[in-house]
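Quick notes on the structure that follows.
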Amino acid sequence: MTLALPPCSPVLEPPPSVKQGGRATRVRRRRKRKTEPVPTIIHISKEQLFEGVDVGIARDAMHPGPGFCILDRTFASIVGTVGEMVLSLATGYEWTGRFFPTMGALKEWMIKDGRDVEHLEIRATPRGNGRLLIQKDNDPATVYVLIRMPHMWQGESKIIGWCYGTEGKCKKYWANLGRGKPCFAVPGSRLRPMKTLPKCGLAPDSPRLVRFLAQWDPDFYVVDTAWKKS
């Protein structure tokens, strides 16, 4: 013989506004963390890698990169040129900053345009969690792309995302990473996905650029901030 049990009534939780124990309780909602865009993984051959290394060494001889010693500067130049080549291969854009046989050609390119891959500026890093670095005097209308290459010597690179200079040159990103001088360090979670990469930078009369220049305060960035790890 089986007994028919009454249906169980659902347990109702009191709403956040209900007083419990004489005090009003509120439920804290955690903010949803913004995740990084899905990276585009690019593999290059040894021949392509060696080409990027040769261009980096040649560029460092004419235009030394950042660093505290010759090896640091040369490696920084190599990382930059390999990153430029990777993005050029991935997008089909011309690698405009490839190689300059003379100092005069280099200076002419820097005066005329000075961008790495057509309208794009590349920020490559050997760190697996590296951020996109923008200097205080970099153009706010340019498009900047972050490429991480912790396995550069194995030919693997990860294109994380991009942002306009107006978005990266924000006070909350201003930091001193202990690499010579402070700069804007934009985390990967604040970048746009590569599928939305624009075909040009911001126009001089763009409302976004006009609004940025109206609010720009260069005096704020003269003061050096405390060093902190990236």
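See the values below:
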read-out	value
Given (1) modelled with pLDDT of 90 or more; (2) within 23 Å of the chain's Cα centre (by Cα), index of the condition residue 45 fails	(2)
Residue selected from the stretch 166-185 under the condition closer than 15 Å to residue 142 by Cα and touching a residue at least 40 places away in the same chain (Cβ under 8 Å), by the criterion surrounded by the fewest Cβ atoms within 10 Å (Cβ to Cβ)	166
Unmet requirement for residue 199, which otherwise passes all of (1) farther than 20 Å from residue 118 by Cα; (2) among the charged types (D, E, K, R); (3) surrounded by fewer than 19 Cβ atoms within 10 Å (Cβ to Cβ); (4) in contact (Cβ under 8 Å) with a residue 24 or more places away in the chain	(1)
Residue within the stretch 112-119 that is at pLDDT 90 or above, outside any helix (DSSP H, G or I) and surrounded by 20 or more Cβ atoms within 10 Å (Cβ to Cβ) present	yes
Condition met for residue 83 (modelled with pLDDT of 90 or more and within 19 Å of the chain's Cα centre (by Cα))	yes
Filtered residue count, the stretch 48-62, keeping only those that are crowded, with 18+ Cβ neighbours inside 10 Å and either modelled with pLDDT under 90 or not in a helix (DSSP H, G or I) (or both)	4
Residues being buried (at least 18 other Cβ atoms within 10 Å of the Cβ) and not in a helix (DSSP H, G or I) - total across the stretch 202-216	1
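The values are calculated or read from the model by the stated rules, or taken from the named source; none is laboratory data. Since the structure is predicted, the reported quantities are computational estimates derived from the model, not experimental observations. Cβ: placed from backbone, ideal geometry, glycine included. Neighbour counts: every protein chain shown.
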